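Engineer: Here's a structure for you.
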Amino acid sequence: MNEKQKSNKPFVKFASTPAERYFLRREASFLRNHTFSFVPRFMSFSETVSGSALLVMQHIDGVTLRSCTLTAKERRDLIADLRGYLQILHSQGFIHGDIKPDNILIHDHAFSPVLIDWGAAQAIGEATSRHKLRQYSPGFSHPDLIFGRSSASIWWDFYAVDRLAEWLESNPAI
Ligand SMILES: Nc1ncnc2c1ncn2[C@@H]1O[C@H](COP(=O)(O)OP(=O)(O)OP(=O)(O)O)[C@@H](O)[C@H]1O
Ligand SMILES: [Mg+2]
């Protein structure tokens with residue numbers, strides 16, 4: 001059992017606006033139904049009559065990739081790990097949908113990335129029209145996502161990982 005699997009510390013994500021609630025509901029639904037080593041474990045989800053929502057998940061002790069210092073080998077390993085994770089995720093019929101430095105936590109104890117922010121996760125093939133509030137991340141999101149074309153594709157995740165690899169290479173100090 002690794003450090004990540006042992007942690008029972010909770011991390012709480014809160015939503016108050018309708019758009020935040022929509023994404024938090026989707027994130028809760030994904031986490032509740034999927035257990036992967038690279039995904040925080042689901043703990044609970046609740047909504048109040050006043051319209052706020054609370055998702056409790058496993059706390060990952062670490063920092064996001066954006067504020068991390070990596071060697072060249074760690075950068076290569078990270079990209080290889082992410083591609084491996086995506087193959088597992090895609091084989092289960094889902095995409096992450098918003099891969100970027102802010103949505104990757106690097107674990108303190110072991111050099112293992114954890115993907116967070118699962119509100120944009122979609123079933124492969126799901127029509128984008130069914131996901132009207134979809135957000136995108138300039139510099140990382142596939143053009144299909146930005147222009148609202150097509151249905152959810154594994155290539156959206158692979159495209160984002162390619163942009164991430166370029167971003168890592170262009171930030172040698174990171
Ligand atoms: N499971 C977790 N364990 C520890 N920290 C987490 C966890 N999930 C998220 N965080 C922290 O909270 C931040 C925001 O989380 P997340 O990316 O899921 O939300 P967001 O919708 O993008 O929110 P924001 O708009 O504030 O960036 C992350 O950058 C990270 O620092
Ligand atoms: Mg985020």
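Engineer: Looking only at Ile154, Ile99, Ile146, which one moves most when the chain is put into a Gaussian network model with springs between Cα atoms under 10 Å?
Structural biologist: Highest fluctuation among the options: Ile146.
Engineer: Provide Rg and Dmax in Å for segment 3-58, with only Cα atoms included in the calculation.
Structural biologist: 11.7, 37
Engineer: Here is a follow-up. In what order do Ser153, Ser91, Ser7, Ser50 fall by count of nearby beta-carbon atoms within 10 Å, going from fewest to most?
Structural biologist: Values: Ser153 20, Ser91 10, Ser7 17, Ser50 6.
Neighbour counts put them in this order, fewest first: Ser50, Ser91, Ser7, Ser153.
Engineer: Across 10 Å bins from 0, what is the distribution of all Cα-Cα pair distances for the chain, in whole percents?
Structural biologist: The percentages, shortest bin first, are 10, 37, 38, 15, 1.
Engineer: Under a Cβ-only charge scheme (Lys and Arg +1, Asp and Glu -1), can you give me the dipole magnitude of segment 3-58 about the Cα centre, in debye to the nearest 20? List each step's numbers first, then the result.
Structural biologist: Numbers: 9 positive and 4 negative charges, 34 e Å.
Dipole of segment 3-58, to the nearest 20 debye: 160 debye.
Engineer: Hey, another quick one. Put +1 on the Cβ of every Lys and Arg and -1 on every Asp and Glu Cβ in the chain; which of Thr69, Gly139, Phe42 then has its Cα farthest towards the positive end of the dipole?
Structural biologist: With unit charges placed on the Cβ atoms, the residue in question is Phe42.
Engineer: 7 Å from Cα along Cα→Cβ at both Arg21 and Lys9: what's the point-to-point distance in nm?
Structural biologist: So the label points at Arg21 and Lys9 sit 3.1 nm apart.
Engineer: Using amide H atoms built in the peptide plane, which far-off residues or other-chain residues are under 5 Å from Cys68 H to H?
Structural biologist: Counting only residues 5 or more places away or on other chains, the set is empty.
Engineer: Over the chain, what is the relative contact order in whole percent, taking alpha-carbon pairs under 8 Å and six or more residues apart? Display every interim value, and only then the final one.
Structural biologist: Working: 274 pairs, mean separation 40.0, N = 174.
It rounds to 23 percent for the chain.
Each reported figure results from applying straightforward, stated rules to the coordinates on display, with no laboratory input. This one's a predicted model, so the numbers in the text were calculated from it and none came from an experiment. Every residue, glycine among them, receives a Cβ derived from its backbone with ideal geometry; neighbour counts consider all protein chains shown.
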